[in-house]
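The numbers here are math on the coordinates, done by the rules we state, and not lab data. Since we're looking at a predicted model, the values are computed, not measured. Note that each Cβ is placed from the backbone with ideal geometry, even for glycine, and that neighbours are counted across all protein chains shown.
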Amino acid sequence: MTEWITTREAAQRLGVKRTTLYTYVSRRLLTRRRSGGESLFDRAEIDALASTRHHPGSPLGVLPMRAVRSSVSEVREGELFLRGVPLADLADEPWEEVVDLVLGSAPAVAVEVPAHLTALPLNRRLSALAQWAGSRGDWVGPAAAAGVAKGLLGAAPAALGGQTEPDRPLADAIFAAVAGRSGSPWEVATLNTALVALVDHGLAASVVAARVAASARASAYDCLVAGYAALSGQLHGGIGPSALGVLRSGAPDEADDAGRLPGFGHWRHPEGDPRADAILARLALVDGSAPTLARLDEIASRTERRPNIDGALAALVLTCDLPDTAAEVFFQLARTVGLAAHVVEESGEDPLRWRATDPTP
């Protein structure tokens, strides 16, 4: 039996605007029916088109994967929603409140920070902390990932070399730990917005890795470690140094052979990355940000690619004179929330459902 889905869901599954759907109908690529004044589309046709369609700038050779429903976040007509709330409505909310919105009211699981952690590079400490915590005490199932994530975030300032103070906003404490100084109100506000914007962005590589681990019923800590491992990739959360290099030295006239220009352009946001827009709007209020923002605009104009989340983070790092790995640290911290939410969600699905099949000869 044909399953009909709404225009909104069809556009979301394909990552396109509604008007593009109607273009596909006119080209006889999709079937549309009307019901109660609303257009409906054949879900099987949408999923088949999604598996073969290549978005400009998207990775080549992507393995076809069945649709995975998630309520953590969605990108709809270029806008990002967390638990159904637009990023624009959350950008100035305290990060702690957004954490509770995404993870619910689960209490934090206390995490002890070992002394040896400070000998590691900043961008390796959170994953090491998760491994350390997961190796001690009783096994914690993936369904408890929300409390585990909150515990890791609460311990993060100390793990990064700063101090954990009960009543101090996390964004403030994290900025001080990473920068080695207290941040100005606008610096902290910009970081707070960045942490909110980085919480989740759909089924990215790190989310898939964490969900696969959860599907195998790994511990909550190990699921997060799996996500951190994928996140560290130089084409994912570890892209920060490359984006910094572009911003410091100026962009090449063209992107690389794969169509990538670190810090600029995003295939899911051809009209501009809303996460970058939110961060840069706050960064513009930070003293001394003008030269960096001018360079960002100059590169964007020359390459006809608007800054993406990585470009915005690079601008934050340069403006605030933060360590080069700071962008990856912020990515890890914020995405801990999204990873945990996906792990909890996956724990309620049938186990071992993430299986690949050999290609047909």
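Please state the charge dipole magnitude for region 222-361, taken about the Cα centre, from unit charges on C-beta atoms (+1 on K and R, -1 on D and E), reported in debye and rounded to the nearest 20.
Values: 12 positive and 21 negative charges, 36 e Å.
Charge dipole, region 222-361, about its Cα centre: 180 debye, nearest 20.
Using Cα pairs closer than 8 Å and at least 6 residues apart in sequence, work out the relative contact order for the chain, in percent. Display every interim value, and only then the final one.
Details: 575 pairs, mean separation 73.5, N = 361.
Relative contact order here is 20 percent.
Under 5 Å between amide H atoms, partner at least 5 residues away or on a different chain: which partners does residue 76 have, H built in plane at 1.01 Å?
Amide H neighbours of residue 76: 81.
Provide the per-residue ³J(HN,Hα) series for region 220-225, in order, calculated from phi with Karplus coefficients 6.51, -1.76, 1.60 and θ = phi - 60°, each as a whole number of Hz, with x at glycine and proline positions.
Calculated HN-Hα couplings, in order: 4, 5, 5, 4, 5, 4 Hz.
Return the calculated 222 nm mean residue ellipticity for the chain, to the nearest 500 deg cm²/dmol, obtained by summing -39500 (n - 2.57) across DSSP H runs with n ≥ 4 and dividing by the residue count.
Details: 16 runs with 178 residues, N = 361.
Taking each H run of at least 4 residues, the total per residue is -15000 deg cm²/dmol.
Can you give the FRET efficiency to the nearest 0.05 for residue 297 and residue 2, using r as the Cβ-Cβ distance and R₀ = 41 Å?
Values: r = 48 Å, r/R0 = 1.18.
The value I calculate is 0.25.
Of the beta bridges DSSP finds with both residues in the chain, what % are antiparallel, to the nearest 5?
On the way: 15 of 15 bridges.
Within the chain, antiparallel bridges account for around 100 percent of the total.
Along the three principal axes, how long is the chain when you take its alpha carbons, biggest first, rounded to the nearest angstrom?
On the principal axes, the chain reaches 61, 53, 44 Å in Cα extent.
Skipping prolines and chain starts, which residues have an amide H placed within reach, meaning under 5 Å, of the one on residue 31, given they are 5 or more residues away or on another chain?
Result for residue 31 returns 42.
Which GluC sites (Glu not before Pro) from region 84-137 combine a DSSP loop assignment with at most 14 other Cβ atoms within 10 Å?
On the way: sites: 96, 97, 112; in loops: 112.
Sites meeting the loop and neighbour criteria: 112.
Given the options 307, 226, 296, identify the residue whose Cα lies farthest towards the positive end of the charge dipole of region 210-307 (+1 on Cβ of Lys, Arg; -1 on Cβ of Asp, Glu).
Comparing the listed Cα positions along the dipole, 226 ranks first.
Given charges of +1 on the Cβ of Lys and Arg and -1 on the Cβ of Asp and Glu, with all other atoms neutral, how large is the dipole of the chain about its Cα centre, in debye to the nearest 20?
1040 debye
Relative to the Cα centre, what is the charge dipole magnitude of region 91-173, using +1 at the beta carbon of each Lys and Arg, -1 at the beta carbon of each Asp and Glu, and rounding to the nearest 20 debye?
Roughly 520 debye for region 91-173.
What ³J(HN,Hα) values, in whole Hz, does the Karplus curve 6.51 cos²θ - 1.76 cosθ + 1.60 give for region 132-137 when θ = phi - 60°, with x put for Gly and Pro?
4, 5, x, 8, 10, x
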